[in-house]
Amino acid sequence: MSDLTYGLFVRGQYHAGDDMRKRFEEVKAQVRLADQLGFSDLLTGMHYAAAPFQQYQLIPLLSRLMAETERMRLVTGIILLSLHKPIDIAEQLATLDVMSGGRLVFGAGLGYREVEFKAFGTTPAERVQRLEENLEAIKRLWTEDDVSMKGSHFELDRATVSLKPMQRPHPPIWLGANADAAVRRAARLADTWFINPHQRMDTIERQLSLYKQALTKLGRPMPAELPLMREIFVARTRAEAIRLARPYLEEKYKVYHQWGQDKVMPKGDDDLSLAFDDLTRDRFLLGSSDEVAEQIIGYCRRLGVNRMILSVHWVGMPHSQVVDTLNLFAAEVMPKVSQGL
């Protein structure tokens with residue numbers, strides 16, 4: 001596997017009533033800083049009807065943030081693919097790939113929220129079929145002309161996308177997965193499994209074994225990239241990191257629990273309503289630079305991950321804290337990880 005790289009996940013969620021124009025100036029500054037500090041990837045997520053939060057939408061946000069960095073890859077992390085039509089996503093993302101000079105990574109997943117399925121006229125029962133059909137159609141639209149394909153919710157009749165992506169045959173595809181079946185699906189359909197931020201280390205280890213078994217059965221090698229996303233906050237001491245991050249991280253995961261995120265997590269690791277100390281254990285990167293570096297080295301050695309996607313901002317956290325933790329991470333954690341690997 002190649003050397004470890006880092007990605008910045010811009011969550012883009014804020015309290016209702018917050019000034020989203022001002023917050024966007026901060027988001028741009030965070031991206032510029034991450035670029036200067038040597039981060040390789042830029043990601044943002046997708047949700048609709050995100051109450052009690054406000055949230056920027058993924059594709060326009062990435063499109064604008066692309067102007068703040070000429071180097072970082074742009075990762076859709078993740079598009080809720082079962083909600084959409086394949087020709088729309090194929091053309092939107094091809095446009096992003098061309099505009100960025102071939103820097104797009106297509107991250108996709110199922111989604112899990114009833115409010116989103118209802119708003120798009122679909123159901124959770126249809127989501128797996130729709131994701132698989134959409135992914136097949138998008139790959140074909142990116143690599144073929146005159147595509148004819150009838151899906152459960154679309155029909156392509158000798159369709160050719162208005163613009164093909166710059167990358168050949170197409171941008172890398174990362175598939176997010178929570179459940180065991182979804183992990184096996186990632187082995188079958190995508191270039192790699194995008195490992196989520198909310199499973200414990202032991203759960204990921206078990207599922208990684210399933211992923212490798214599925215790849216072997218399919219005759220596919222381990223991917224060159226294995227990305228893992230984690231919530232992170234670095235301070236001078238662990239106590240300080242927890243004191244500064246806890247109010248925001250705790251609120252975020254309470255909302256995840258309300259949204260039903262843990263309902264799609266595997267048995268035994270499917271409760272995001274845990275007390276904060278229990279929730280953080282083997283799940284988040286929190287602590288001093290020495291502790292966080294040690295945690296990252298552990299993930300790399302135990303799992304073989306080589307793309308660390310870091311979420312450093314949660315609803316309500318001041319911009320200054322994000323800047324402080326990014327600077328401390330780059331100055332102290334990144335060198336220690338390099339020396340330890």
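No lab work stands behind these numbers, since they all come straight from the coordinates. Quick caveat, the model's predicted, so the values are computed rather than measured. Cβ: placed from backbone, ideal geometry, glycine included. Neighbour counts: every protein chain shown.
Assorted remarks:
- Protection-proxy order for peptides 10-18, 286-294, each taking the mean of Cβ atoms within 10 Å per residue, highest first: 286-294, 10-18
- Rotationally averaged projected area of region 109-178 (alpha carbon convex hull; nm²): 5.4
- In this label model, residue 180 and residue 336 are separated by 3.7 nm, measuring between points 7 Å along each Cα→Cβ vector.
- Net dipole in debye of region 22-137 [+1 Lys, Arg Cβ; -1 Asp, Glu Cβ; about Cα centre; nearest 20]: 340
- Net charge dipole, region 235-341: roughly 220 debye, given to the nearest 20, about the Cα centre with Cβ charges of +1 for Lys and Arg and -1 for Asp and Glu.
- Of the residues 313, 257, the one with the fewest other Cβ atoms within 10 Å heads the list, and the complete ranking is 257, 313.
- Region 94-153 and region 170-245 have Cα centres spaced 20 Å apart.
- Whether region 35-78 is rounded, prolate or oblate, judged on the alpha carbon gyration tensor where a/c under 1.5 counts as rounded: prolate
- For region 40-45, 3J(HN,Hα) computed residue by residue from phi via the Karplus equation (6.51, -1.76, 1.60; θ = phi - 60°) reads 9, 10, 10, 10, 8, x Hz, glycine and proline entered as x.
- Measure of compaction for region 177-289 (Cα Rg per 2.2 N^0.38 Å): 1.18
- CD proxy at 222 nm, helix term only [per DSSP H run n ≥ 4: -39500 (n - 2.57); per residue of the chain; nearest 500]: -13500 deg cm²/dmol
- Between 289, 40, 327, the Cα set farthest toward the positive side of the dipole of the chain (charges on each charged residue's Cβ, about the Cα centre) is that of 40.
- Cβ-Cβ FRET estimate between residue 143 and residue 277, R0 fixed at 51 Å, reported to 0.05: 0.55
- Stretchable slack from residue 118 to residue 26, in nm (0.36 nm times residue separation minus alpha-carbon distance): 29.8 nm
- Counting Cα-Cα pairs of region 1-87 in 5 Å increments starting at 0 gives whole-percent bin shares of 3, 13, 24, 22, 17, 12, 6, 2, 0, 0.
- Within the chain, antiparallel bridges make up roughly 15 percent of the DSSP beta bridges whose residues both belong there.
- Charged side chains reduced to their Cβ positions (Lys and Arg at +1, Asp and Glu at -1) give the chain a dipole of some 360 debye around its Cα centre.
- Take the Cα radius of gyration of the chain and divide it by 2.2 N^0.38 Å, N being the number of residues; the result is 0.96.
- Highest average packing first - 62-69, 171-178, 90-97, Cβ atoms within 10 Å: 171-178, 90-97, 62-69
- Distribution of pairwise C-alpha distances over region 196-255, 10 Å bins, in %: 17, 34, 25, 17, 6
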